[in-house]
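Reviewing the structure listed below.
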Protein chains: 2
Amino acid sequence: MTLRQVGEDRLLGQLLPSLALRRNVILGAGDDCAAVRSPGESKLLLLKTDCVVEEIHFGRKTDPVLVGWKAMMRPLSDFAAMSGIPQFALITITLAAARSTSWVRRVYRGLNSAARRFDVSIVGGETSNTNGPSAISVSVAGFVEKDRCVSRRGGKSGDDLFVTGKLGGSRRGRHLRFLPRIEESRWLSKHFAIHAMIDLSDGLGSDLPRLARASNLGFEIDESRLPLNSGAKISNAISDGEDYELLFAISRRDRVRLEKSWRKKFPKLLITRIGRLSQASTVNPQPLRSGYVHFK
Amino acid sequence: MTLRQVGEDRLLGQLLPSLALRRNVILGAGDDCAAVRSPGESKLLLLKTDCVVEEIHFGRKTDPVLVGWKAMMRPLSDFAAMSGIPQFALITITLAAARSTSWVRRVYRGLNSAARRFDVSIVGGETSNTNGPSAISVSVAGFVEKDRCVSRRGGKSGDDLFVTGKLGGSRRGRHLRFLPRIEESRWLSKHFAIHAMIDLSDGLGSDLPRLARASNLGFEIDESRLPLNSGAKISNAISDGEDYELLFAISRRDRVRLEKSWRKKFPKLLITRIGRLSQASTVNPQPLRSGYVHFK
């Protein structure tokens, strides 16, 4: 059945009662706005929206459950980058005419299981038709304690740069099944002064220069140290994107304690020091394939 | 120039510094999430997302400034329906390949002037390409005092039903230029116990039954009383949609005081009693063209 045959109200009426909902939701989907408990003035409210578009972020034949999973996890990865806790999500699906309501149902199954994984409530949903490819937009609200909010801006010259996990080759499937590093990020901000952090969504080659620019600094990377996924090359780690690992800057004085306590806390997840932040230089060296480089 | 030629980062770098921003924004667009001051625990956090899609909510040749205005004002109208104050907006534009960056710039001009009209800060923006028609999705966060939050659910049998303004014929242009009834709604919740409220986005014929159902009630309407825009018929007032006026339920004991003080406060804006909420009936009468009807 198509959306037009079923009707948007009826479809949402079927989907919304099954949504993940927690006790801090006062009014969920079905009213004009969602009304939820406010985080309190000692915390910052965090807001993020992100979307996945057919033929760009997922294929025509991608399992819709994985499409929903990815659509939810992408903005949650931005919460990891701020060391925040995501709480409430709003979904907008613009649906190609050719798509069936069972496709929407399976997308919602993926959205829902991703939301439950991090105790996020889905508090609103909308579906509208389009003559083009389908798209799923997810907006998330949550919070972070004021003294644990990590932006991209706080990096200091000489800081070590670390990445979690391994990089490169995510298009072989990991981009649809990744787990945002929220627990790791919360642990980091609880035990360490993280100066600056970003999640690697566009690839180290784009995201590291963003973090450095936001901190008014340059950087030096030892490409030979980059942790690679099996089958990935250095160039994949730099350019592929969609790793959804964390890149962060931390004082070199914390290096030993970080590496030791991380291994104890997250024995299955690699953490790798890949370089350091440096004074911004006026020269703009070309990318190199090895050794210390400024690759932008 | 197309988005691909300019690059998303550069385009957003041009657009974002000009955005409406208020002092409660700690980190605006440009970091992984926006970080803003939390409303405090005595208030409810309100969340809403809404989108406009080319060829459905606006035409190929519609002035992009008006497209942006409408995209922002639609979710703000939902804040009016809850008697809430919108504060922070996130924008997602999925852009058809044929659209130029100057089109995006003009859309942002409309988004921005709509945001400024109600002191809303635009705290994040994203633009991605699509092979289909363009779409603009706007997510808004804000607050309402706990004792002033008006849902659709609180209607009581016997309540008067009022609408603001005039209905019907919005497609002749008003759907692109409307002003959400936020000031009116805030005044209402300050001075009266509003039992239930909704904004008329899909038309009285869809939205009134939604309000009644949410309150577990039926309704009786005097169609001859419906306030019509010039050129509009009763059927337009019921079915056209996109009026973005308020429909609300209030005790009949407040009728005289409401009508009198409304005329004093808003002399240029009509308020009309169009019927009342009643016990839900098991019969489901057919729509009539005049007299008291249950039209669903």
B:VAL25 being touching a residue at least 24 places away in the same chain (Cβ under 8 Å), among the aliphatic types (A, V, I, L, M) and either assigned by TED's automatic domain parsing to the domain that holds B:GLU245 or under 20 Å from A:LYS146 (Cα atoms) (or both): yes
Which listed residue, of A:ASN229, A:ASN236, is at pLDDT 95 or above and surrounded by 20 or more Cβ atoms within 10 Å (Cβ to Cβ): A:ASN236
Residue, modelled with the lowest pLDDT, within region A:10-41, restricted to residues that are at the interface with chain B (Cβ under 8 Å from one of its Cβ atoms) and outside any strand (DSSP E or B): A:GLY30
Test: residue in region B:179-200 that is of a type in the set (A, V, I, L, M), more than 23 Å from B:MET72 (Cβ to Cβ) and within 11 Å of chain A (Cβ to nearest Cβ): yes
Test: residue in region A:35-42 that is acidic (Asp, Glu), under 30 Å from B:ALA212 (Cβ atoms) and free of Cβ contacts under 8 Å to residues at least 60 places away in the same chain: no
Extreme residue, nearest to the other protein chains (Cβ to nearest Cβ), among residues of region B:109-124 that are of a type in the set (Gly, Ala, Ser) and surrounded by fewer than 24 Cβ atoms within 10 Å (Cβ to Cβ): B:SER121
Residues that are buried (at least 23 other Cβ atoms within 10 Å of the Cβ) and either in the same structural domain as B:ARG74 (by TED's automatic domain parsing) or under 15 Å from the mean Cα position of the chain (by Cα) (or both), drawn from region B:150-165: B:VAL150, B:SER151, B:ARG152, B:VAL163, B:THR164
Positions within region B:260-270 being assigned to a helix (DSSP H, G or I) and either within 25 Å of B:ARG210 (Cβ to Cβ) or touching a residue at least 40 places away in the same chain (Cβ under 8 Å) (or both), in sequence order: B:SER261, B:TRP262, B:LYS265
Test: residue in region B:81-89 that is farther than 30 Å from B:ASP240 by Cβ and either touching a residue at least 40 places away in the same chain (Cβ under 8 Å) or not assigned by TED's automatic domain parsing to the domain that holds B:LEU246 (or both): yes
Residue match in region A:226-240 (condition: closer than 22 Å to A:GLY155 by Cα, assigned to a strand (DSSP E or B), under 20 Å from the mean Cα position of the chain (by Cα) and assigned by TED's automatic domain parsing to the domain that holds A:LEU176): no
Residue in region A:58-72 that is crowded, with 19+ Cβ neighbours inside 10 Å, more than 8 Å from chain B (Cβ to nearest Cβ) and modelled with pLDDT under 95 present: yes
Candidate set from region A:166-218 (those that are surrounded by 17 or more Cβ atoms within 10 Å (Cβ to Cβ) and hydroxyl-bearing (Ser, Thr, Tyr)); member that is nearest to the chain's Cα centre (by Cα): A:SER201
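Residue by residue, here is whether (1) at pLDDT below 95; (2) within 11 Å of the chain's Cα centre (by Cα); (3) under 30 Å from A:HIS191 (Cα atoms); (4) away from every other protein chain (no Cβ under 12 Å) holds:
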residue	(1), (2), (3), (4)
A:PRO75	no, yes, yes, no
A:ILE85	no, no, yes, no
A:ILE93	yes, no, no, no
A:SER100	yes, no, no, yes
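The values are calculated or read from the model by the stated rules, or taken from the named source; none is laboratory data. Predicted model, so just to flag it, every value in this text is computed and none were measured. Cβ coordinates were reconstructed from backbone atoms using ideal geometry, including for glycine residues, and neighbour counts include every protein chain displayed.
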